[in-house]
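Notes for the one structure printed next.
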Amino acid sequence: MNHKNFYGGKYFDSLELLKIRKITVGPLMTDCYILSNRGKCVIVDAGGNPDKIIEELEKFNLEPVFIMATHGHFDHFLSAKDIQKRYEIPFYINELDLPMLYNEEYSADHFIKGLKAEIPGRIATFREGFSFVVGDHRFNVIETPGHTPGSSCIIGNGFILTGDTLFKMSIGRMDYGGNEEDMVRSLKRLSEMKESTRIYPGHGDPSDIRYELLNNFYFQNVANKNSLY
């Protein structure tokens, strides 16, 4: 059962003993998520403000297992290297997006002049079907290209972290490494999930599949006629 709790000055969703904490970070207001259970956690989309993320970990006495990016745009790994300096943990990214970390066209400085994003160390890659465990909870990863070639979503018990594939009332841009054909296929796949599935996007407010089917123009079109428009 999903229910809201209030703890330590902020709201978080509780799925049994799993905690999902959202911290909005970085110049592009990225939603960084900390998935925790039994004192262990995984950091998803560390897009800036490393001190803010580390403060959250220490506040709740959490031990990070690794950092994970839903895709290869700089605003989803901007603070990964700084967090690694504090915790010797690996950084996971989809194999198809790995080249983006080294491509000047996708660099932070190319997008925001003067902004630097250090490439994380201890890089590990994954593909469709990758799964991981945090405490008592298992998560599965699916590939949802369209925003980028390696965009991926993380599925938990009754929820999904959609990165920049699906937002509340919108979808990710396709002109910065992605393409429309892939996006249509990925959104179609998401539209077939249970309507009660909670959505935690890479930017903005949470939602659920049912709300997006009823209110998201692009998501509606893909679900009904396999086209964005």
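Determine whether Ile54 is outside any strand (DSSP E or B), farther than 19 Å from Gly204 by Cα and among the β-branched types (Val, Ile, Thr). Answer is yes for this residue.
Looking for something of a type in the set (D, E, K, R) and either in a loop (DSSP other than H, G, I, E, B) or over 23 Å from Pro206 (Cβ atoms) (or both) - is there at least one such residue anywhere in the range 73-80? No, the range 73-80 has no match at all. Among the residues of the range 136-167, the ones that are in a loop (DSSP other than H, G, I, E, B) and over 14 Å from the mean Cα position of the chain (by Cα) come to 5 in all.
Close contacts from the range 139-159, counting a first residue that is closer than 16 Å to Asn37 by Cα and in contact (Cβ under 8 Å) with a residue 60 or more places away in the chain and a second that is in a strand (DSSP E or B) and of a type in the set (Ser, Thr, Tyr), with Cβ to Cβ under 7 Å and a gap of 6+ residues or different chains, come to Phe139/Ser131; Phe159/Tyr200. When Pro64 is tested against (1) surrounded by fewer than 23 Cβ atoms within 10 Å (Cβ to Cβ); (2) within 15 Å of Arg21 (Cα to Cα); (3) out of contact with any Phe, Trp or Tyr (no Cβ under 8 Å at 6 or more places or on another chain), only condition (3) is not met. When the range 168-177 is examined, which residues are found to be surrounded by fewer than 22 Cβ atoms within 10 Å (Cβ to Cβ) and either at pLDDT below 95 or on the phi < 0 side of the Ramachandran plot (or both)? Answer for the range 168-177, where residues must be surrounded by fewer than 22 Cβ atoms within 10 Å (Cβ to Cβ) and either at pLDDT below 95 or on the phi < 0 side of the Ramachandran plot (or both): Lys168, Ser170, Arg173, Met174, Asp175, Tyr176. Scanning the range 195-216 for residues that are of a type in the set (A, V, I, L, M) and either over 14 Å from the mean Cα position of the chain (by Cα) or assigned to a helix (DSSP H, G or I) (or both) returns Ile209, Leu213, Leu214.
The values are calculated or read from the model by the stated rules, or taken from the named source; none is laboratory data. The shown structure was predicted, so the numbers you read here are calculated from the model rather than taken from an experiment. Here the Cβ is made from the backbone with ideal geometry for all residues, glycine too, and neighbour counts use every protein chain on show.
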